[in-house]
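Each remark here refers to the structure printed beneath this line.
The values are calculated or read from the model by the stated rules, or taken from the named source; none is laboratory data. Note that the structure is predicted; figures quoted are calculated from it, not measured. Counting neighbours? That spans all protein chains shown, and the Cβs are built from the backbone with ideal geometry, glycine included. Only protein heavy atoms, including side chains, enter the accessible area calculation; ligands, DNA and RNA are left aside. Shrake-Rupley method; radii C 1.70, N 1.55, O 1.52, S 1.80 Å.
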Amino acid sequence: MSAHAGAGLLLAAFAALCWHGLAWDTPTVDEFAHLPAGYYSLASGRFDLYPLNPPLIKVLSALPLLALAPRLDRGAYVVNTGWYPWVFATRFMEENRAEFDRIFTCGRLPIVALGLLMGLLVYLWARELYGDAGGLVALCFYAFCPSIVAHSHLATVDAGHAALLVAALYSFDRFLRRPGAGQMALCGLALGLAQLAKFTALLLYPLLILLAAVSLAAGGFSWRRTASGDQAAGGVPGAPAGERGTRWREAGRMGASLAAIFLVSLLVLDAGYLFAGVGRPAASFRFESHALRGLAAALPAGLPLPLPTPYLQGVDSLQLINETGEFPTYLCGHWYRRPPLAYYPLTLLFKTPLPLLAAWLAAPFARRRRGEDGAAGAAGPARRETAVWLPMLVLLTVFSLFSSVGYGIRYLLPVLPLACVFCGRLVPWLRGRHRAWRVAGLVVILAYPFSALLATPDTIDYFNFLAGGRGDRILLDSNLDWGQGLKRVRAYMDRERLDRIALAYFGHVDPAIYGIRWRFPHPSRPGPVAVSANFLHGYPYVTYAGGRIVPIPPGAFSWLKSYPRAADLGGGIDVYTIPLTTPASAAGPGHGSQGR
């Protein structure tokens with residue numbers, strides 16, 4: 001079987017896993033607002049609804065909705081406040097109850113396509129670095145990574161952003177090896193599309209500058225190439241001095257290339273917003289964040305800004321959250337106003353399958369001898385790998401040190417496909433080792449798919465064995481419970497023949513859409529209680545009840561932990577049983593406030 005055929009089978013398995021999760025997960029907290037906002041932008045040509053994320057991924061998700069033609073208030077008066085997108089989305093739900101589940105099933109399909117694109121990029125990049133076997137191993141790690149599967153079937157921006165970020169890095173790596181006008185334009189396009197996916201992609205600009213500097217310092221960049229096209233003439237030991245060019249000349253060409261790539265990305269960004277508000281003077285903006293207010297004050301008042309108004313408003317809103325914080329962060333049984341430095345490293349530790357984690361940690365120590373990489377040799381891949389491991393390190397460092405929100409592994413999602421590519425370097429290393437090492441590597445790669453196969457369809461709430469079967473004691477929010485579990489509650493009610501259930505649901509979807517008759521839990525009402533893990537541990541948020549968004553104060557349902565845990569339904573929802581005799585520890589003020 002050829003490498004391409006093997007890659008096709010792995011991508012097909014990935015698509016099947018995505019479909020399984022897609023069919024079982026009800027609309028999550030973010031996609032509940034993302035998809036209607038994308039459809040609103042598609043229908044109206046406006047981007048003022050939900051500017052906290054750029055529009056590209058949301059609009060792509062909404063494309064299948066053109067065939068369904070759901071009802072939408074196109075003339076809604078948009079208020080740029082934190083909760084308004086969910087208020088708008090609640091009205092969208094009310095107007096499309098009969099088709100609501102089908103709408104989100106269709107809206108998730110473009111994200112699955114982006115997940116497949118990201119898998120293809122992982123395969124191609126690893127194959128170029130480590131050969132056919134290295135590409136297949138990297139793709140295997142990717143296709144069966146539960147967190148990648150989880151976010152590649154949701155109508156949110158995370159998987160699409162990761163795919164476009166990887167595309168931008170891969171295209172820039174190819175440009176460094178084969179510089180030319182066509183590859184430069186492709187880099188600019190990929191970079192611009194990444195900017196239209198998520199504001200985190202702004203990190204790509206300093207990253208590309210850093211990668212360019214590393215390439216120049218290593219002598220790996222020149223417009224003049226050898227016959228093979230893979231090695232810069234200036235980087236070949238012993239090349240004639242006349243063919244090397246001067247260091248300054250190559251630095252100048254690199255600077256001009258970066259400027260052109262950045263300019264193309266700006267044009268793509270502006271076009272993605274339909275040039276809305278491009279050229280407005282700096283003094284006309286009233287920013288709320290300290291960073292953007294300071295930047296605007298430092299600029300000449302009449303200077304036209306070459307960025308779309310909704311884009312600048314979104315950056316300002318995101319920066320305000322970074323400055324002031326938003327929701328609290330849960331880690332290992334404790335709540336924090338801001339995520340501790342260890343939050344994201346620990347998230348990777350507990351949410352990454354152990355075989356992938358072991359391969360990722362071992363990969364930097366897999367020293368290769370010249371000739372072990374096939375055609376490329378050891379020197380070429382070693383230099384090119386910088387475009388893989390350096391972005392991983394930068395992203396993890398930036399989020400660990402500077403992020404004021406700790407919502408889940410989805411913020412580090414671009415790190416995972418890069419880690420899969422990097423793990424491919426173990427393949428040429430293992431070829432030259434003792435047979436026992438090769439057998440061990442084969443066992444790991446054969447056992448690895450069970451990480452996802454045993455977890456599906458509960459890939460959102462996947463934790464590895466280090467969590468001891470209780471991931472809710474370590475991490476919450478989109479790591480575990482994102483509002484995806486209502487179909488599991490309905491299935492539980494069918495199994496137990498329940499006509500009604502006590503429910504504390506972390507999410508915005510009306511459970512009645514899935515045929516769930518429910519009431520809020522109360523200690524005076526015995527019987528089974530389905531409770532979202534976030535609410536069980538005291539997360540302050542909202543839910544849908546009585547036709548409106550209802551706030552849930554901190555700790556409103558934490559009293560349920562004093563009762564026996566009867567079942568784990570998956571999807572972030574557990575079942576607890578309130579016995580006929582109420583424990584004294586459960587009696588107390590405030591428990592009746594959530595009943596109805």
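Structural remarks
- Against the criterion of being within 24 Å of residue 32 (Cα to Cα), out of contact with any Asp or Glu (no Cβ under 9 Å at 6 or more places or on another chain) and open to solvent by 30 Å² or more (accessible area, probe 1.4 Å), residue 102 qualifies.
- Residue within the range 143-160 that is assigned to a helix (DSSP H, G or I) and more than 30 Å from residue 442 (Cβ to Cβ) present: yes
- If you check 236, 214 for being in contact with a Lys or Arg (Cβ under 9 Å, 6 or more places away or on another chain), under 23 Å from residue 398 (Cα atoms) and either of a type outside the set (Asp, Glu) or modelled with pLDDT of 65 or more (or both), only one passes: 214.
- Helices (runs of 4 or more DSSP H) within the range 48-113 that include 2 or more residues touching a residue at least 60 places away in the same chain (Cβ under 8 Å): 56-62, 84-95
- Which numbered condition residue 75 fails, given (1) more than 24 Å from residue 160 (Cα to Cα); (2) in contact with a Gly (Cβ under 9 Å, 6 or more places away or on another chain): (2)
- Residue match in the range 465-474 (condition: under 26 Å from residue 163 (Cβ atoms), in contact (Cβ under 8 Å) with a residue 40 or more places away in the chain and open to solvent by 30 Å² or more (accessible area, probe 1.4 Å)): no
- One residue alone among 346, 396, 361 is surrounded by fewer than 20 Cβ atoms within 10 Å (Cβ to Cβ), at pLDDT 95 or above and part of a helix (DSSP H, G or I), and that residue is 346.
- The set of residues in the range 121-155 being open to solvent by 10 Å² or more (accessible area, probe 1.4 Å) and farther than 25 Å from residue 464 by Cα consists of 121, 124, 127, 128, 131, 132, 133.
- Looking only at the range 265-280, and only at residues there that are of a type outside the set (Phe, Trp, Tyr) and open to solvent by 50 Å² or more (accessible area, probe 1.4 Å), the one that is nearest to residue 204 (Cα to Cα): 267
- Single unsatisfied condition, residue 549 versus (1) modelled with pLDDT of 95 or more; (2) closer than 24 Å to residue 94 by Cα; (3) in a strand (DSSP E or B): (1)
- The range 290-322, residues that are in contact (Cβ under 8 Å) with a residue 60 or more places away in the chain and open to solvent by 50 Å² or more (accessible area, probe 1.4 Å): 313, 318, 322
- If the condition is being assigned to a strand (DSSP E or B) and free of Cβ contacts under 8 Å to residues at least 24 places away in the same chain, then the range 511-535 contributes only 518.
- For the range 21-42, filtering for residues that are part of a helix (DSSP H, G or I) and in contact with a Leu (Cβ under 6 Å, 6 or more places away or on another chain) leaves 4.
- Taking the criterion of being within 16 Å of the chain's Cα centre (by Cα) and open to solvent by 20 Å² or more (accessible area, probe 1.4 Å), the residues of the range 447-464 that qualify are 461, 462.
- For the range 514-529, filtering for residues that are crowded, with 18+ Cβ neighbours inside 10 Å and under 25 Å from residue 96 (Cβ atoms) leaves 2.
- Selected residue (only one of 443, 421, 405 is buried (at least 20 other Cβ atoms within 10 Å of the Cβ) and out of contact with any Leu (no Cβ under 6 Å at 6 or more places or on another chain)): 421
- Identity of the residue in the range 65-83, modelled with pLDDT under 90 and within 15 Å of residue 33 (Cβ to Cβ), that ends up surrounded by the most Cβ atoms within 10 Å (Cβ to Cβ): 78
- Within the range 43-59, being open to solvent by 30 Å² or more (accessible area, probe 1.4 Å) and under 16 Å from the mean Cα position of the chain (by Cα) holds for 52, 56.
- Near pairs, Cβ below 7 angstrom, 6+ apart or cross-chain, from the range 332-344 (more than 19 Å from residue 554 (Cβ to Cβ)) to any residue that is loosely packed, with under 12 Cβ neighbours inside 10 Å and modelled with pLDDT under 95: 341/401
- Residue within the range 156-169 that is open to solvent by 10 Å² or more (accessible area, probe 1.4 Å) and within 24 Å of residue 49 (Cα to Cα) present: yes
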